[in-house]
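Participant: Once you've had a glance at the structure underneath, I'll fire off some questions.
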Amino acid sequence: MTTTATGGRAAIAARTLRTDRWWFPPAIQAFGLTAWVAYATFRVFQQKDYFVTDYNYLTPFYSPCMSEACVPGSSHFGQLLPADLIVGGFDVMRLVPFAVVTLPFLLLFRLTCYYYRKAYYRAFWMSPPACAVAEPHAKYSGETRFPLLMQNFHRYFFYAAAIISLINTWDAIYAHHTHDGGFGLGLGNVILWVNVILLWAYTASCHSCRSIIGGKLNHFSKHPVRYKLWQKVSFLNGRHMLLAWITLGTLALTDFYIMGLAAGWYSDLRFIG
Ligand code: FES
């Protein structure tokens, strides 16, 4: 028996026949993503309160800190950017994030993520806003043309994100050095480690990661190590949406905690050092 594809949607006058609150998930997603982007944008360009000198806490929004204007001790990978670049009386470097070598890749990694694509296509473009709800657009070309064609580069942004997770891991390790050269452990360290572990979990749960680890194999039985890894990554992959949201939260919370410490709003809870 053969089936014949029919073009377009069923001819029903109603936008949808759904009677549940189908609009609720996209509304929540729009609110959550907008709030996070607003906070992150403000913090990235604020260029202050990102490093706690006493405990070497560096917020992930400024990692690695690559400007000559970075607070002493906060640059672990060099300072490629000048502190100032005056053009027409305006300091252009005010518009350049200190972590400019990593933030664009992290942004593109999340922007091209399979889950976030679903979320923002639904929440902002309403394409479609939910299953079985007609979209307002007359035409649909999917991801076959520029700029959405660029979504196919997600795998390469995954590689960049994995390297950046290594940098975040180094920051968490280095934060155990106190300013007098000893070993320290405080609530800030715990927060940094929780954030890094969850970032690794999100990165490892990426669909590209799962494909890289388990793809192009005809027989898992001949590749037991990759099979084991693929099973673990698949477990995380099933929780990718959850990890996508949790890591947005832990990133913002980690940054906020370090901002508060750096600004002197409160003190770190210290266990050692
Ligand atoms: Fe979401 Fe790769 S699919 S990070």
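The values are calculated or read from the model by the stated rules, or taken from the named source; none is laboratory data. Bear in mind that the values here come from a model prediction, so they are computed numbers and not experimental data. Cβ sites come from the backbone with ideal geometry, for glycine too, and all protein chains shown count toward neighbours.
Participant: If I ask for residues that are more than 13 Å from the ligand (Cβ to nearest atom), under 30 Å from residue 29 (Cα atoms) and of a type in the set (S, T, N, Q), which ones from region 235-273 would you list?
Facilitator: Listed by number, the residues that qualify are 250, 254.
Participant: Being under 18 Å from the mean Cα position of the chain (by Cα), of a type in the set (A, V, I, L, M) and over 16 Å from residue 186 (Cβ atoms) is the filter here; which residues of region 245-273 pass it?
Facilitator: Scanning region 245-273 gives 246, 248, 251, 252.
Participant: Which numbered condition trips up residue 10, out of (1) closer than 25 Å to residue 151 by Cβ; (2) loosely packed, with under 11 Cβ neighbours inside 10 Å?
Facilitator: Every listed condition holds for residue 10 apart from (1).
Participant: For region 227-270, enumerate the residues that are among the aromatic types (Phe, Trp, Tyr) and closer than 16 Å to residue 116 by Cβ.
Facilitator: If the condition is that a residue be among the aromatic types (Phe, Trp, Tyr) and closer than 16 Å to residue 116 by Cβ, then 245 is the only one that fits.
Participant: Are any residues in region 128-154 touching an Asp or Glu at 6+ places or on another chain (Cβ under 8 Å) and either among the small types (Gly, Ala, Ser) or within 16 Å of the ligand (Cβ to nearest atom) (or both), and if so, which ones?
Facilitator: 151, 152
Participant: Out of curiosity, is residue 85 under 30 Å from residue 178 (Cβ atoms) and surrounded by fewer than 18 Cβ atoms within 10 Å (Cβ to Cβ)?
Facilitator: No; evaluated as a whole, the condition is false for this residue.
Participant: Restricting attention to region 126-136, report how many residues are in contact (Cβ under 8 Å) with a residue 60 or more places away in the chain and in a loop (DSSP other than H, G, I, E, B).
Facilitator: The total comes to 6.
Okay, residues lined up against (1) under 30 Å from residue 146 (Cα atoms); (2) in contact (Cβ under 8 Å) with a residue 40 or more places away in the chain; (3) out of contact with any strand residue (DSSP E or B) (no Cβ under 7 Å at 6 or more places or on another chain); (4) part of a helix (DSSP H, G or I):
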| position | (1), (2), (3), (4) |
| --- | --- |
| 79 | no, no, no, no |
| 84 | no, no, no, no |
| 94 | no, yes, yes, yes |
| 105 | yes, yes, yes, yes |
| 108 | yes, yes, yes, yes |
| 115 | yes, yes, yes, yes |
| 118 | yes, no, yes, yes |
| 123 | yes, yes, yes, yes |
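Participant: Something else: Among 98, 157, which is within 12 Å of the ligand (Cβ to nearest atom) and modelled with pLDDT of 95 or more?
Facilitator: 157
Participant: Also, quick follow-up: What are the pairs with Cβ atoms under 7 angstrom where one residue, in region 180-207, is closer than 11 Å to residue 55 by Cβ and aliphatic (A, V, I, L, M) and the other, located anywhere, is away from the ligand (no atom under 12 Å from the Cβ) and not in a loop (DSSP other than H, G, I, E, B)? Sequence gap at least six, or different chains.
Facilitator: From residues that are closer than 11 Å to residue 55 by Cβ and aliphatic (A, V, I, L, M), the pairs are 185/271; 185/272; 192/57; 192/171; 192/172; 192/254.
Participant: Still on this model: Got a number for residues in region 183-220 being of a type in the set (Phe, Trp, Tyr) and within 19 Å of residue 59 (Cα to Cα)?
Facilitator: Looking only at that region, the number is 3.
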